[in-house]
Structure formats: structure tokens, C-alpha cells
Amino acid sequence: MSLTVIENNRHAHRVMEVVLQGFRAETSDVVVQSWQRCMQQHHLHPDHPRKPPVLPRDQLDARCLRLADLLDCARHEMATLYQQLADPESAVVLTDTEGVILHMVSSSEFADDLKPMGFHVGAIWSEAEAGTNGMGTCLASASAVAVSREDHFFTQFTSLTCSAVPIFDPSGAMCAVLDVTSRSSLPQQHGLVLLGMTAQMVENRLLDLRCRDAHPLHFHSRPEFVYTLHEGRLAVSGGGQIQAANRSALMQLGFRTMDELRGRHVDEIFQTSLASLLERSSRSAYHPVVTYRAAQAAHRFFAVARPPAATALGERSVPGGKPGLEPAIDIVARPVGGRGEGEAVRPAGEESGAFGDPRLATQLHRAARAISREIPVLLQGETGAGKEVFARALHGRSPNAAGAFVAVNCASLPESLIESELFGYRAGAFTGAQRSGRRGKVLQADRGTLFLDEIGDMPLELQARLLRVLDERQVTPLGSEETVPVEFQLISASHRDLPALVQAGRFREDLYYRLCGLAVMLPPLRERSDQRELILALLATEAGPDATLSPRAMDRLLTHPWPGNVRQLRHVLRTAVALADGDRIDAEHLAQLASVAAPSAAPALAAPQPSGLADEADELSDPAVHLNVIQANEREVLMRLLNEQRWNVSKVAQALGVSRNTLYRKLHKLHIPLTHAR
Ligand SMILES: Nc1ncnc2c1ncn2[C@@H]1O[C@H](COP(=O)(O)OP(=O)(O)OP(=O)(O)O)[C@@H](O)[C@H]1O
């Protein structure tokens, strides 16, 4: 008998002894109860291992669409958690309430290890399908669980250790499970803490998003905890009724469930009314004000109440319902994929853009609805992911489509010029000013769309001026006394993590809330499901409709990790077209891909390499591996600078105080190819 079979038998025997004969197990009650459910309720047998079933693609897409807002809230937090865990043999996973894996962050190597076990996006890991496991058992018990190695019901999963926590929506219902699965033998305590914190962050974001038209009320018994992860948060209707709360709020106020709290009035909970809290908060410039628990007068809280995010942003009331609470699935995406080699394609000009990925299409649809209600849209995503293309598409679908689309790149303008560029100046306002004066970009965008790209790079002093313009909707050009009224739609974009900049004090929080009426996280190219369609469309733009790709070339493109996203894809295709003799592109014309920087080049918002899409990285030699530690560090710093300056070599040279030639030599020495350059 092979070792595996003996091992399998031993594990199965142990599970059966515990379930059928009531033997004491050296494991937790949660695990024992799960084993009992597996055998008695789900009729699983530890001797008959099975692979979790996989949902068909269209059903998976439909689920992702239904939970699009949750996925939006979770994606970035999951990537951050993965980085904090710093364990290459771990995966951070999100499932829906039926145990279907919707999103996963891991190294491509670990994802490849997990795949044969049936552990990948689309697979169903409920207890009924996969026996005792982190995700399934968390769902069944509706509580945080740790399932280490031999706690699993089936032997095939006993090399894994999982920790999982439920995520609750603002109504208090469980809406997902967040899990960390790794090879380590024990759940790491700090990992569990991080997991719990991540779940809380996702819940708070979801509360903000789904209750945008309620008054947010932040509180804690210690003032320094207001606005932190530990704060209690309530969503309160204009009439003062509590609609939703986070877990900390329930705990601090002594309620066990959301049902016990929902519908109560603020003055029933605190010894004050919503109106009074709002007034006192605004008078104290939104610093926490003291309030007392109504039931226990000695229990003091510090609280801040604000106007709803929606009204604070000038959002009009939405006919027929609350924007944040409507189901995410109300559009039909264009069909994706299925096109073979050489088929006719429609060129994707930058104006039209290609948005075949269902998630992207939904985001465009939601953003179009938001902008049509004058809600500003904030686009986030890695560099080259198509934020400007998306913004133009949004403008084209908006009520102001007939007006101008005015783009301002806040990162590329020298600080001294941003102000005049944005607000304009009166004739003779300063030395060097044009004699006739100049209408600033804000006024040029009148009745159109103002697109503030790389808004995270705007200097703090100018943020204050911009804030005033957004509030007052009028502009005072430099050197002028006169204010000019202006009406525009606002879209902004950044590849930086703006909430993190806010926390670091480098971006004004009040401005962030005014820009971020609706936050849209654009997926990186490697996560898009319409890659094939996009490749063909971009190829048609670059080489005309007769161009074709060989299957090998298409395969290489489809499996590339694309750290520079669509911009890099476009660049690679442009070079391939130049290298190919006729209209047919083959793998050999994609030599440029071999010299593309490894994922260490990932920009600020980049998640770790996603599962299963980076197989090719194995084939490629990573140029960075030949560098010593100092060079590797130097390379990383340069890559970051290049990304920040959008691969503009002159600007990076300027920032470093070296000549362009010196910089080129350095780039060459550190194996940094300039394939990202525009
Ligand atoms: N959906 C799309 N359809 C067609 N082309 C696209 C699409 N998205 C991006 N591109 C191409 O990729 C290039 C980069 O797009 P864009 O400038 O919008 O990216 P970005 O995310 O705003 O970049 P950055 O963060 O560096 O400003 C564009 O010039 C365009 O050619």
C-alpha cells in the first residue's frame, strides 16, 4: 500500500471514529461539528474524496456582477492583506455565501499548486461540496474559523491551513467570506488579526457605498478612535432613524444583532438628536463632540455626524430609489471572447474604448448613471489601465457629451503653473502672462467635463482652491476680482491610493469626499476577461482590419502579466506590427515581451500577481535577478519614479538632478527597458 493510501486511510479512519463512535478528537468543537454535518447532513464520506465542482463562466460572471460593489470594496483590501502577510505560499480568497470563489490574490506559483485540488476562481468550496474547510465551515457556522491541516474532512486538503471570517452587509446579513489559505502548519495569530481587520475595512467601505444617502455617524468612547477602524459607524436617515451599523457600533452600544438596532432613533440611543449632533459637529469643524448613551447616562461617547455623502456632493435625489442599494446587475455586457484567429474586428479607438469585460462594462454603466446625476466619479487603477479612455467614454455617455472634455494632468504640470492652468488669469496678471489673459481649464470645461488626471499629485495648497471651486461652482482667475460661474461634470483619476494619502495627511479628506461621489476601480489588464477582444481590437487599430495573429502569438499575449496594462499591450502590438513582414503577427514578433520588466515593476495600486495568469513568467528570465542587492534597490526606486512620472524620462532625470544620458545609461545597466514609454 502506498504511503498516500495509508495516510488517507488513517485520516478517514480518525474522522469516522470521531463522528460515528463519538471518540474525543484533539481538535475544536467547531471542526467536530463540521465533520458531523459533512457525514450526516451532506452524506460525504472521508474515504471518497471529491473535487469541488466549478461554475460555468457565465454563471460566475453573473455572480460577480451581482456583488460588483462588494468586489470593488474588497479587491484593494485583499491585495493589501496579501502584501502584509508576506507569505508567497498563501492566498487571500473571497467567496459568496454559497462558497463560490469570486476573487483570489496569490502568487502564480501557489495558485498553480492549488489548482489541481480544485482551488481556484469559480470553484465551489461550501461544506457540502468540499467538506470541512475554512470557507465552507465559516459559512456554515457564520463565524470566524481556523481549519488547520488535518481538521479538513478530506485528506487531499490536509496540506493546507485556512482561516476565514464572514463579511456582513449593512443590513447585518452575511454576504461573503474572506479567507486566507496557506501551507503553514498553524494559523498565524497576526494573520488572523489582519484578516479580521480586513473584513472590517471591507464592511465599512460597503456601508459607505450602500448608504450614501444616509447621514454617517462616527463614534467611539475614546475620541482618538473616531475615524479609525475601531470606530462605531451608523447610517442615519434624515428623520434620525438608524438604518445600518457596523459591528463595532453594535458592540459598543450593546446590541447583538442589527435587527435590534435598526429603526431606532438617534435620540433613543444617544442623549441628543441627529439635528443637534449635526449642528455641533459642523461647528467643531467635524471634530468629535461629546454625547452620552441614553440608557446609561454615565457612558460617554465622542461622535461626529455628517451630511450624507450624496447630498454633500450635490447629488440630486434619485427617482425610484437609493442609488447605492440597487442591485449591481442591471446591464448586459457585450459578449466576450470566442473569436478565432484573423476574424474581422472593430478598431478600438481611444475615444470609444473597448469595455467587453463584464465588470468593466458594469462599472461604466454605473458611472454613467452617477455622472448623469451630477455625482463626481473617481477612477482608480494601475497605470495604463485605461483611466483616461474610461473617462472619455463616460463623457460620451453623459448629458454633457456635446460639451468639451477637458483633461488636466496634475502630475505633469509644474506646481507653479497648475493654478493658472486650472483657473486662468487676467491680462497682465503676472510677468510672462499672455497679453490677452487666458481662460483656465475649469472655464473651458463649462457645460462639459473636467477630467483631473493624477489628482493625487495635486499640491495641498491648490487642493484648498479646487475645493472652493467645487463648492461654489465659480472661478476667480488669477489677478482678477471677478468671479465667473461655471457648470461642469467632474471626473478625476489617480493610480495612487488616495485614502492612504488622506491618512498620511497628503491629501485633503474633504476634497477626497467631494471627488469620490462614486469610486471606480478599473481592473488591471491581466484580470480582464475581454483580453482576446481587446487584443484584436487594438491590433486592428494599429495595423488595419486585415491583420491577424497566430495562435501562438495570441497565447503569449493572453498569458503575459502586463505590468504596464493596456498601454503596454498597445506598445507591444505596435512594435510587432512594425517587425512583421505582412499582416500576420507571429510569436517571434513579440520578442519585446521577453525584455519587459518583471512584476516588481507593479505600480502603487497593483495587487500581487494574480492567480494563473503569469505562467509565462517562468519562461522568461527576470533581468533583475542578476543584480546585487544595492542595484536591485536602485532599480526598484527608479521603476517607482518612472511609473510616477508615467515613463517620462526627462521628468525623472530632472527629478533626480541628472542628465537624460546619464539616466539612459543607468536604465540600461539596471535592465530597465523603456517599453512602457508612451
Ligand atoms: N478600453 C480601452 N480600449 C482601447 N484602448 C485602451 C483602453 N484602455 C486603455 N487603452 C490604451 O491604453 C493607453 C493608456 O490608456 P490611459 O491613458 O487611459 O491609461 P491610464 O490608466 O489613464 O494611464 P495613467 O495612469 O498612466 O495615466 C491609451 O493610450 C489607449 O491606447
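For the reader, a short list of remarks on this structure follows.
- The single condition from (1) buried (at least 16 other Cβ atoms within 10 Å of the Cβ); (2) more than 20 Å from Val177 (Cβ to Cβ) that Leu60 fails is (2).
- Only one of the listed residues (Glu481, Glu487) is loosely packed, with under 15 Cβ neighbours inside 10 Å, among the acidic types (Asp, Glu) and at pLDDT below 85. That residue is Glu481.
- Residue match in the range 24-46 (condition: over 17 Å from Glu203 (Cα atoms), among the acidic types (Asp, Glu), assigned by TED's automatic domain parsing to the domain that holds Leu192 and assigned to a helix (DSSP H, G or I)): no
- Each residue in the range 550-583 was checked for being touching a residue at least 40 places away in the same chain (Cβ under 8 Å), surrounded by fewer than 19 Cβ atoms within 10 Å (Cβ to Cβ) and outside any helix (DSSP H, G or I), and 2 of them qualify.
- Scanning the range 377-405 for residues that are more than 6 Å from the ligand (Cβ to nearest atom) and within 15 Å of the chain's Cα centre (by Cα) yields Val377, Leu378, Leu379, Gln380, Glu382.
- Residues of the range 83-129 that are part of a helix (DSSP H, G or I), closer than 20 Å to Ile167 by Cβ and either of a type in the set (Lys, Arg) or out of contact with any Lys or Arg (no Cβ under 8 Å at 6 or more places or on another chain) (or both): Gln83, Gln84, Leu85.
- Strands (runs of 3 or more DSSP E) contained entirely in the range 442-526, each with at least 3 residues that are among the acidic types (Asp, Glu): none
- Selection count, the range 513-526, where residues are more than 13 Å from the ligand (Cβ to nearest atom) and crowded, with 20+ Cβ neighbours inside 10 Å: 7
- Residue among Asp113, Asp72, Asp58 that is over 28 Å from Met197 (Cβ atoms) and of a type outside the set (Phe, Trp, Tyr): Asp58
- Residue in the range 170-184 that is outside any strand (DSSP E or B), more than 19 Å from the chain's Cα centre (by Cα), over 30 Å from Ser237 (Cβ atoms) and not assigned by TED's automatic domain parsing to the domain that holds Tyr227 present: yes
- Among the candidates Ala540, Ala500, Ala547, the residue that is within 15 Å of the ligand (Cβ to nearest atom) and surrounded by fewer than 22 Cβ atoms within 10 Å (Cβ to Cβ) is uniquely Ala540.
- Taken together, the residues in the range 139-159 that are within 21 Å of Pro116 (Cα to Cα) and either touching a Lys or Arg at 6+ places or on another chain (Cβ under 7 Å) or not in a loop (DSSP other than H, G, I, E, B) (or both) amount to 10.
- Scanning the range 3-62 for residues that are within 15 Å of Glu127 (Cα to Cα), hydrophobic (A, V, I, L, M, F, W, C) and without any contact (Cβ under 8 Å) to a residue 40 or more places away in the chain gives Val32, Met39.
One line per residue, one yes/no per condition, for (1) surrounded by fewer than 23 Cβ atoms within 10 Å (Cβ to Cβ); (2) of a type outside the set (A, V, I, L, M, F, W, C); (3) at pLDDT 80 or above:
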| site | (1), (2), (3) |
| --- | --- |
| Leu417 | yes, no, no |
| Ser420 | yes, yes, no |
| Ala429 | yes, no, no |
| Gln434 | yes, yes, no |
| Val442 | no, no, yes |
| Arg447 | yes, yes, yes |
| Leu450 | no, no, yes |
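- Selection within the range 1-21 - at pLDDT 75 or above and surrounded by 11 or more Cβ atoms within 10 Å (Cβ to Cβ): Asn9, Arg10, His11, Ala12, His13, Arg14, Val15, Met16, Glu17, Val18, Val19, Leu20
- Only one of the numbered conditions (1) buried (at least 23 other Cβ atoms within 10 Å of the Cβ); (2) touching a residue at least 60 places away in the same chain (Cβ under 8 Å) is violated by Ser107, and that is (1).
- Criterion: modelled with pLDDT of 90 or more, touching a strand residue (DSSP E or B) at 6+ places or on another chain (Cβ under 9 Å) and within 30 Å of Ser106 (Cβ to Cβ) - qualifying residue of Pro524, Pro561, Pro610: Pro524
The values are calculated or read from the model by the stated rules, or taken from the named source; none is laboratory data. If you're wondering where the values come from, they're calculated on a predicted model, not measured in any experiment. FYI the Cβ positions are ideal-geometry reconstructions off the backbone, even for glycines, and counts take in every protein chain you see.
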